[in-house]
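See structure below.
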Amino acid sequence: MSMHAVEKAFWTLGKDPEAIEQFKADPDGFLRQFLLTDSERKMIMENDLKSLADQGVNTLLTLMVWPMLNGPEGMPFDYLTHMNGGEPPAMMAAFEQPQG
Amino acid sequence: MSMHAVEKAFWTLGKDPEAIEQFKADPDGFLRQFLLTDSERKMIMENDLKSLADQGVNTLLTLMVWPMLNGPEGMPFDYLTHMNGGEPPAMMAAFEQPQG
Amino acid sequence: MAEIVGGFIVSHDPMITGNPEIANKKQVANVDAAFETIVERLKELRVDTVIVVGDDHYTMFGPHCLPQYLIGVGELEGPEENWLRIERYQVENNVPLAEHIMNYGFANGFDWAVAKSLLLDHGTMIPIHKAITPIPGVRTIPIYLAAAVTPIIPMRRAQQLGAMIGDAVNAWDKDERVAVFGCGGISHWVGTAEMGRVNEEFDHMILNHVNNGDIEALIALGDDYVLENGGNGAWEIRNWICAMAAMKKLTGETLCYEPMPTWITGVGFSELKVA
Amino acid sequence: MAEIVGGFIVSHDPMITGNPEIANKKQVANVDAAFETIVERLKELRVDTVIVVGDDHYTMFGPHCLPQYLIGVGELEGPEENWLRIERYQVENNVPLAEHIMNYGFANGFDWAVAKSLLLDHGTMIPIHKAITPIPGVRTIPIYLAAAVTPIIPMRRAQQLGAMIGDAVNAWDKDERVAVFGCGGISHWVGTAEMGRVNEEFDHMILNHVNNGDIEALIALGDDYVLENGGNGAWEIRNWICAMAAMKKLTGETLCYEPMPTWITGVGFSELKVA
Ligand SMILES: [Fe+3]
Ligand SMILES: [Fe+3]
């Protein structure tokens, strides 16, 4: 479980706007281009970026991929809530203060 | 005249099949994406790969780009005739011998 | 003869241009003032060329080729990202000096990856755009260290690389007044559960070491300690170490420090003065 | 304990699979026989892992990041090119040993670029496909030197890198029988006006130095001499130098030499034997 293939898949999504469309149209088919294990492919299809990060995927990539897969409007709170296992992130407090 | 921008343009043509279509549809527009000098852009538009190679463009790239721009059927003789300033290349003789 | 006449520690937080309105206005103003100070100081020091040491964020270099360190010796453009509210433009390199530093490195055991054409990400482009572009005629030599994508360059090696860069500048036989930027930092957790955390104590400790010119204290922290206390983003202090080492002896002076959780980082600037 | 039990100089001419019918049939048969000999010898030597030293042809690495040398430590696939008449497939890496060699290099002043996922071009893939893939269970560690795209790695540095690779294998504490391939060469002019020229005299001289295990004689030729007499393609002998240096003392034995103008190169194979 090196996660290298996951990083390649995510990096491809980041570089190639068409790759996102392909992924959305046929997630399994898109992911089968990469040398992913079944478990890695499952985590991606289930949007479980937390587990992937826990197993070593660079979080620059999970951060980049989340809004591509889930839409930009949930950033950063929904992403961070996911990464915190469902708990709202501490940083939300900072956004609730008036910004001067 | 570093030719670095020419190499980037050629490398892009090699990597991205759509880039070739864009170049064919609008050579000047395509090339203006790159930081080419007027003289570099002119040499590319005039298909003068010999001059570009003489000025330092890697010949792996000129060899790759020629059939993209001129069609594969002229390889390697037309390419080599161009690179030899119009003279037919010595290597043609090898192809005229029976291959056993 | 070329010489390094000064240096700066410069935040490259992409929100500086990409999302200023989500942060505290006073803090944003202080950050902008720090950039203005750097611009003024570069003018006062009559700097011709800035060597900008930054790092990629898995946007420029893919998993098929991750360099430990890279120098851009040809065309430069930036930024790579379309969400920084900076329209992409050409950045002028100092090609002869960049090639000299490249060759000096090869001759001294530093096997750079080399970029003949480079599209710069925010890791160098925020500092370039805010502090160099405003001064016509000043040129940029970009250097990228592996600081955010493993395998990261050891802090010790970043220091050795920086020392070599300083030697290379000194060995350049043309007149050239050079500054170095160490970009990034300080504490930030990028993409992890802790994102938005800022460790002010850690940040002040780091800036203190910088201002003492104490590279060895920074290296002695170790990557595990830095990760634990400063987050994965704080690994970028190797960019600072590289820039500091290029200057040989120095003292630093903090231009600005702001803990900015909505910008997800401790934002620090320091001027490095040749001692 | 791991050890290097043998090595091979292997042509990676893309026409070997991509265009066999344009060449003399007897020469093609001799080339195929050389590959069969290598397969047999790898079996006899009970090789577990082959370190394959090749070079990119401006297909894998772009002008934004040209590494002096790179090691693949993760997933491998090949070939990159769709005209080699080889359907792309996965190549099995020896990840623990590759990571060990990577780290050994970092610890000894060799700052590899690193590939976590690599799509191999013909520079390693022709040798892999013809000589390794036929033997189930043998794994591949790919190493790419800058030999065809400037800045190329100095021949001396290729020798030092190879010596370090040999030391790294010897320092690996698991049982592993390792072979090295030096890929490419010999005389060929790629994309230049002289393309199709083969310099048999030069090729025999190079093979002679190889068979004498005389790395110093190869380095002493210098890149200008090699370019003039062997063409830009002959710069690939640095891949050979690297593989030879990994073996320390060796003698070589030519398996096949064919001057093949329609394949635009002198095609050479040699077995390197631990001396
Ligand atoms: Fe950063
Ligand atoms: Fe080759």
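The values are calculated or read from the model by the stated rules, or taken from the named source; none is laboratory data. All values derive from a computational prediction rather than experimental measurement. Here the Cβ positions follow ideal geometry from the backbone for every residue, glycine too, while neighbour counts run over all protein chains shown.
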Go through (1) at pLDDT below 95; (2) touching a helix residue (DSSP H, G or I) at 6+ places or on another chain (Cβ under 8 Å); (3) within 29 Å of D:Asn93 (Cα to Cα) for A:Asp16 and report which single condition fails.
(2)
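From the list C:Val39, C:Val53, C:Val31, exactly one residue is within 16 Å of ligand 1 (Cβ to nearest atom), in a helix (DSSP H, G or I) and more than 11 Å from chain A (Cβ to nearest Cβ). Which is it?
Numbers: C:Val39 fails: within 16 Å of ligand 1 (Cβ to nearest atom); C:Val53 fails: in a helix (DSSP H, G or I).
The conditions single out C:Val31.
Could you list all residues from the stretch C:84-117 that are assigned to a strand (DSSP E or B) and within 14 Å of chain B (Cβ to nearest Cβ)? Steps first, answer last, please.
Taking the stretch C:84-117 as the starting set, the residues that turn out to be assigned to a strand (DSSP E or B) are C:89-91, C:113-117.
Scanning the stretch C:84-117 gives C:Tyr89, C:Gln90, C:Val91, C:Val114, C:Ala115, C:Lys116, C:Ser117.
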Restricting to the stretch D:61-83, what's the tally of residues that are part of a loop (DSSP other than H, G, I, E, B), under 16 Å from the mean Cα position of the chain (by Cα) and closer than 27 Å to A:Ala9 by Cβ?
1
Which one of C:Gly18, C:Gly6, C:Gly72 is within 16 Å of ligand 1 (Cβ to nearest atom) and in contact with a Leu (Cβ under 6 Å, 6 or more places away or on another chain)?
C:Gly18
Given the residues B:Pro27, B:Pro72, B:Pro89, B:Pro76, which is the only one that is more than 10 Å from every other protein chain (Cβ to nearest Cβ) and over 11 Å from the mean Cα position of the chain (by Cα)?
B:Pro27
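Looking at C:Leu66, C:Leu118 in this structure, which one is more than 16 Å from ligand 1 (Cβ to nearest atom) and buried (at least 23 other Cβ atoms within 10 Å of the Cβ)?
C:Leu118
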What's the number of the condition A:Thr81 fails, among (1) within 8 Å of chain C (Cβ to nearest Cβ); (2) without any contact (Cβ under 8 Å) to a residue 12 or more places away in the chain; (3) surrounded by 16 or more Cβ atoms within 10 Å (Cβ to Cβ)?
(1)
Test result for B:Arg41, in contact with a Leu (Cβ under 7 Å, 6 or more places away or on another chain) and of a type in the set (Lys, Arg)
yes
May I ask you to list the residues in the stretch D:227-275 that are surrounded by fewer than 24 Cβ atoms within 10 Å (Cβ to Cβ) and among the β-branched types (Val, Ile, Thr)?
D:Thr251, D:Thr254, D:Thr262, D:Val274
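Tell me which residues, restricted to the stretch B:46-100, are on the phi > 0 side of the Ramachandran plot and in contact with a Leu (Cβ under 8 Å, 6 or more places away or on another chain). If you could, list the steps in order and put the result at the bottom.
Our first condition is that a residue be on the phi > 0 side of the Ramachandran plot; within the stretch B:46-100, this holds for B:47, B:56, B:71, B:85-86, B:100.
Within the stretch B:46-100, just B:Asn47 meets the criteria.
Being of a type in the set (Val, Ile, Thr) and either within 15 Å of D:Ala147 (Cβ to Cβ) or within 12 Å of ligand 2 (Cβ to nearest atom) (or both) is the filter here, so list the residues in the stretch D:181-195 that pass it.
Taking the stretch D:181-195 as the starting set, the residues that turn out to be of a type in the set (Val, Ile, Thr) are D:186, D:190, D:192.
Across the stretch D:181-195, the qualifying residues are D:Ile186, D:Val190.
Is it the case, given these coordinates, that D:Val50 is in contact with a Pro (Cβ under 7 Å, 6 or more places away or on another chain) and β-branched (Val, Ile, Thr)? Lay out the reasoning, then the answer.
Values: in contact with a Pro (Cβ under 7 Å, 6 or more places away or on another chain): no; β-branched (Val, Ile, Thr): yes.
For D:Val50, the condition - in contact with a Pro (Cβ under 7 Å, 6 or more places away or on another chain) and β-branched (Val, Ile, Thr) - is not met.
Looking for something more than 16 Å from ligand 2 (Cβ to nearest atom), within 26 Å of D:Ala147 (Cα to Cα) and buried (at least 21 other Cβ atoms within 10 Å of the Cβ) - is there at least one such residue anywhere in the stretch D:14-24?
Within the stretch D:14-24, one or more residues are more than 16 Å from ligand 2 (Cβ to nearest atom), within 26 Å of D:Ala147 (Cα to Cα) and buried (at least 21 other Cβ atoms within 10 Å of the Cβ).
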Using the structure shown, decide if C:His100 is modelled with pLDDT of 95 or more, out of contact with any Lys or Arg (no Cβ under 8 Å at 6 or more places or on another chain), surrounded by fewer than 22 Cβ atoms within 10 Å (Cβ to Cβ) and farther than 11 Å from C:Pro142 by Cβ.
yes
What pairs can you find where one residue is in the stretch B:17-28 and over 18 Å from D:Asn82 (Cβ atoms), the other is basic (Lys, Arg) and part of a helix (DSSP H, G or I), and their Cβ atoms are less than 8 Å apart, with a gap of 6+ or different chains?
B:Asp28/B:Arg41
What's the total number of residues in the stretch C:118-138 that are over 12 Å from C:Leu76 (Cβ atoms) and within 14 Å of chain B (Cβ to nearest Cβ)?
0
Please verify whether the stretch C:15-24 includes one or more residues that are within 18 Å of the chain's Cα centre (by Cα) and either aliphatic (A, V, I, L, M) or over 19 Å from C:Gly268 (Cβ atoms) (or both).
yes
Filter the stretch C:105-150 down to the residues that are within 16 Å of C:Val52 (Cβ to Cβ) and of a type in the set (S, T, N, Q) and list them by number.
C:Thr124, C:Thr133, C:Thr140
